[in-house]
Amino acid sequence: MQFVQNFPFMSIILSLFSGPLSSIVGGKAAKRINLAVISIIGLMSAAVLAFTIRSGDSYVYTMGHFPAPWGNEIRVGIMEALMALIFCIIMLLCMLGGVYERERELEESKQNLYYVMVNLLLCSLLALIYTNDLFTAYVFVEINTISACGLIMIKQNGRTIEAATRYMIMSLLGSGLLLLGICFLYDLTGHLLMSNIREQVRILRAAGTYHIPLLISLGLMSVGLAIKSALFPFHSWLPDAYGYSTLSSAAILSSLVSKGYIFLLAKIFFRVIGFDMVWDSKVVNVLFVFGVAGMIMGSVSAIRENNIRRMIAYSSVAQIGYIYMGFGLGTTAGVIASIYHIVSHAATKSLLFVAASGITDVSGDSTDFFDMTGAGYRNKLAGAAFTVGSLSMVGMPMFSGFISKLLFAQAAMESTHKMLPTLIALAISTILNAIYFMKTVIRLYTPEKRVVLKKKNFRTIAMTEQPSKSIALVCFIILNLLLGLSSEPVIALFRSGLGMFS
Amino acid sequence: MNITNLFTNYEEAVAMILFGIGFSNLLLQKNLIKKIIGLNIMDTAMYLFLALKGYVAGRKAPIVTNGIQDVEAYINPIPSGLVLTGIVVSVSVTALMLSLTIRLYRRYHSLDLDEISTRLKKEGL
């Protein structure tokens, strides 16, 4: 056992303990602790990633040194370490980008409570990524939900409280179904550790018994996690929650929280049930249909929206649809495309939220579409960043969104029945994306009349005025270009990571 | 597939019916308090199911006091542990939901989520 192998456990514990610590210190100190913790965990995840690449295999870390069927385990491979690293980078940038909004919008006495929530959220995300135990995963799913609810409602107004209530109701329905699925699976197999369940499922499958209960349990877990990650018909809470909460919350919620659940679902498919069983069960077809519906309907709702934050939020619904469509293809290539899209969407959507706040800053804090005329000239960096994000979402070459669309199309080629619907849905969704994102970009670069500018008292923001937001935006742009221009090594890492998954 | 299985395992059937009642209440009720009651029924149904799975007639909790080491004398304690964990989780989410309800009621003097939504839209905030 090398020292670096302790890092996944340490990063979970570190973020868990920094939560309560933030609650007893002041707002400024809590902010520093939070930034330090995220950076340290990012560095540790990078070290773990380097270790797993070098060793070429995943390893199991037994908690409390109890052997397999009894103890709790952490299992780390390339995929987990890479995900943890990327989540840390994006969370750090989201926190940097939203510093001014947090100081302006949150009450002075509640500043430190925000960081409690963020630290606990990071802890639960890391635990969801690393854990090898289904019930532990359930508990951390709930912690994730509670802290995400706190992030939504910490900015106190009627809208956010209502959004938080709706979010909680949907999430609780989802976690109820997830828990029921886990209980069924435990009842059938007698294990909670993922690898042990897998063995038992294989035996049950070979014997041909308990086929229907296994199917029901798989369906319950899939639907539960789909509800929690806002797959199309369950997205009603999403636009309000993302549209009215404070900036870092919206960015973190859209880019990380829903992705944690999807990652858990991928884990259930590959490590708990086994993808051959999932493929035979036709559950993937249901996910495929809802994913495609989400791709189209999310974009249609986004086109009809005049509020820029809500528009970006509806675009998330469409992107979640892409991810589920990739799972629905039922091939390894489809899953790799989905996992790449998790990363690419996380990088792009948080960029868009931060850029949109830069745009509304120079438009008299109005989120209305028509007040944004010419905002690209008033805040140059935010305008450029929004353009980059939009081009990436639409799928222009050079940006990360293009690679994920390409991967989806390539994966669709392998599946005979789903090839045509996938390609058609991709084409329609790309056009719809282009309609609302390009409409906004054009509006940003349409010069506004001087008279109107003077009347509405719009100000201009230079790049140096809000340094941390500028740094975050530049980093996001670089991250996007990196993912888009040198996608090969990342995809290769995902491919080998997926091989270690099961 | 035999319908008589349903009667021999009637406890599990009851748990599932309760789960359905709780789930549909949480989903369909307009009143927030009734939603929370639905949530609690749903969670309790799950604990009933888990407790049933952990119960074997005639066996005891695995605490060795009388020197009997035989595995057959004891039950598997893990389901009970899961029930306890689940109760902790559901207590915290119930508390959170209740506090949200109080906030909403103080602001809008209503427990009806749809009515609150329409009033929010009218405010145009």
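The values are calculated or read from the model by the stated rules, or taken from the named source; none is laboratory data. These figures come from a predicted structure and were not determined experimentally. Glycine gets a Cβ as well: all are built from the backbone with ideal geometry, and neighbour counts include every protein chain shown. Just so you know, the surface numbers come from the protein's heavy atoms only, side chains and all, with ligands and any DNA or RNA stripped out. Shrake-Rupley method; radii C 1.70, N 1.55, O 1.52, S 1.80 Å.
Summary table below
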| item | result |
| --- | --- |
| Meets criteria (more than 19 Å from A:MET168 (Cα to Cα) and away from every other protein chain (no Cβ under 13 Å)) for B:TYR47 | no |
| Subset of the range A:392-429 [open to solvent by less than 40 Å² (accessible area, probe 1.4 Å), within 22 Å of A:ALA356 (Cα to Cα) and of a type outside the set (Gly, Ala, Ser)] | A:MET393, A:VAL394, A:PHE399 |
| Any hit, the range A:171-193, residues being more than 28 Å from A:VAL76 (Cα to Cα), within 13 Å of chain B (Cβ to nearest Cβ) and open to solvent by less than 40 Å² (accessible area, probe 1.4 Å) | yes |
| Answer residue from the range A:212-224, given it is open to solvent by less than 50 Å² (accessible area, probe 1.4 Å) and touching a residue at least 60 places away in the same chain (Cβ under 8 Å) and is nearest to A:TYR242 (Cα to Cα) among those | A:SER222 |
| Meets criteria (more than 11 Å from chain A (Cβ to nearest Cβ) and crowded, with 16+ Cβ neighbours inside 10 Å) for B:ILE33 | no |
| Any hit, the range A:86-102, residues being touching a helix residue (DSSP H, G or I) at 6+ places or on another chain (Cβ under 6 Å), under 30 Å from B:ILE102 (Cα atoms) and within 14 Å of another protein chain (Cβ to nearest Cβ) | no |
| Search result, residues across the range A:160-179 that are out of contact with any Ser or Thr (no Cβ under 9 Å at 6 or more places or on another chain) and closer than 18 Å to B:ILE102 by Cα | A:ILE161, A:ILE169 |
| Some residue of the range A:303-322 being of a type in the set (A, V, I, L, M), open to solvent by 10 Å² or more (accessible area, probe 1.4 Å) and either more than 22 Å from A:ILE86 (Cα to Cα) or modelled with pLDDT of 90 or more (or both) | yes |
| Pair list, Cβ < 6 Å and 6+ apart or interchain, from the range A:422-445 residues that are outside any helix (DSSP H, G or I) and at pLDDT 90 or above to residues that are aliphatic (A, V, I, L, M) and surrounded by fewer than 20 Cβ atoms within 10 Å (Cβ to Cβ) | none |
| Candidates B:LEU39, B:LEU84, filtered to the one that is among the aliphatic types (A, V, I, L, M) and surrounded by 15 or more Cβ atoms within 10 Å (Cβ to Cβ) | B:LEU39 |
| Leading residue by the ranking (farthest from the other protein chains (Cβ to nearest Cβ)) among those in the range B:101-110 that are surrounded by 13 or more Cβ atoms within 10 Å (Cβ to Cβ) and under 26 Å from A:ASN144 (Cα atoms) | B:TYR105 |
| Test: residue in the range A:308-315 that is outside any helix (DSSP H, G or I) and farther than 30 Å from A:SER496 by Cβ | no |
| Some residue of the range A:265-278 being without any contact (Cβ under 8 Å) to a residue 12 or more places away in the chain and either open to solvent by 10 Å² or more (accessible area, probe 1.4 Å) or hydroxyl-bearing (Ser, Thr, Tyr) (or both) | yes |
| Members of the range A:155-169 found to be more than 9 Å from chain B (Cβ to nearest Cβ) and either open to solvent by less than 20 Å² (accessible area, probe 1.4 Å) or in a helix (DSSP H, G or I) (or both), listed by number | A:THR160, A:ALA163, A:TYR167 |
| Filtered residue count, the range A:47-67, keeping only those that are open to solvent by less than 40 Å² (accessible area, probe 1.4 Å) and either under 28 Å from A:TYR115 (Cα atoms) or hydrophobic (A, V, I, L, M, F, W, C) (or both) | 4 |
| Index of the failed condition, A:VAL141 passing every other in (1) under 29 Å from A:LEU483 (Cα atoms); (2) away from every other protein chain (no Cβ under 14 Å) | (2) |
| Some residue of the range A:109-116 being open to solvent by less than 10 Å² (accessible area, probe 1.4 Å), closer than 28 Å to A:LYS155 by Cα and not in a helix (DSSP H, G or I) | no |
| Single residue of the range A:117-139 satisfying the filter (within 27 Å of A:LYS155 (Cα to Cα) and not hydrophobic (A, V, I, L, M, F, W, C)) that is farthest from the chain's Cα centre (by Cα) | A:ASN119 |
| Verdict on A:LEU126 being under 28 Å from A:SER487 (Cβ atoms) and either open to solvent by less than 20 Å² (accessible area, probe 1.4 Å) or more than 10 Å from chain B (Cβ to nearest Cβ) (or both) | yes |
| Residue match in the range B:72-79 (condition: within 13 Å of another protein chain (Cβ to nearest Cβ), surrounded by 11 or more Cβ atoms within 10 Å (Cβ to Cβ) and part of a helix (DSSP H, G or I)) | yes |
| Residues of the range A:483-497 satisfying the condition of being in contact with a helix residue (DSSP H, G or I) (Cβ under 7 Å, 6 or more places away or on another chain) and of a type outside the set (Ser, Thr, Tyr) | A:LEU483, A:GLY484, A:VAL490, A:ILE491, A:LEU493, A:PHE494, A:ARG495, A:GLY497 |
| Qualifying position, being at the interface with chain A (Cβ under 8 Å from one of its Cβ atoms) and either part of a helix (DSSP H, G or I) or free of Cβ contacts under 8 Å to residues at least 12 places away in the same chain (or both), among B:LEU39, B:LEU84, B:LEU52, B:LEU98 | B:LEU39 |
| Residue check for B:VAL93: open to solvent by 60 Å² or more (accessible area, probe 1.4 Å), within 23 Å of A:LEU173 (Cα to Cα) and within 11 Å of chain A (Cβ to nearest Cβ) | no |
| Meets criteria (away from chain A (no Cβ under 11 Å) and surrounded by 17 or more Cβ atoms within 10 Å (Cβ to Cβ)) for B:LEU18 | yes |
| Positions within the range A:448-464 being surrounded by 12 or more Cβ atoms within 10 Å (Cβ to Cβ), among the hydrophobic types (A, V, I, L, M, F, W, C) and assigned to a helix (DSSP H, G or I), in sequence order | A:VAL452, A:LEU453 |
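Here is a yes/no grid of residues against (1) in contact with a His (Cβ under 9 Å, 6 or more places away or on another chain); (2) over 30 Å from A:GLU103 (Cβ atoms); (3) without any contact (Cβ under 8 Å) to a residue 40 or more places away in the chain; (4) not aromatic (Phe, Trp, Tyr):
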residue	(1), (2), (3), (4)
A:ILE143	no, no, yes, yes
A:LEU151	no, no, no, yes
A:ILE154	no, no, no, yes
A:ILE161	no, no, yes, yes
A:THR165	no, no, yes, yes
A:SER175	no, yes, no, yes
A:CYS183	no, yes, yes, yes
A:THR189	no, yes, yes, yes
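For (1) assigned to a helix (DSSP H, G or I); (2) over 23 Å from the mean Cα position of the chain (by Cα), each residue gets a yes or a no:
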{"site": "A:ASP371", "(1), (2)": "yes, yes"}
{"site": "A:TYR377", "(1), (2)": "yes, yes"}
{"site": "A:LEU381", "(1), (2)": "yes, yes"}
{"site": "A:GLY389", "(1), (2)": "yes, no"}
{"site": "A:PRO397", "(1), (2)": "no, no"}
{"site": "A:GLY401", "(1), (2)": "yes, no"}
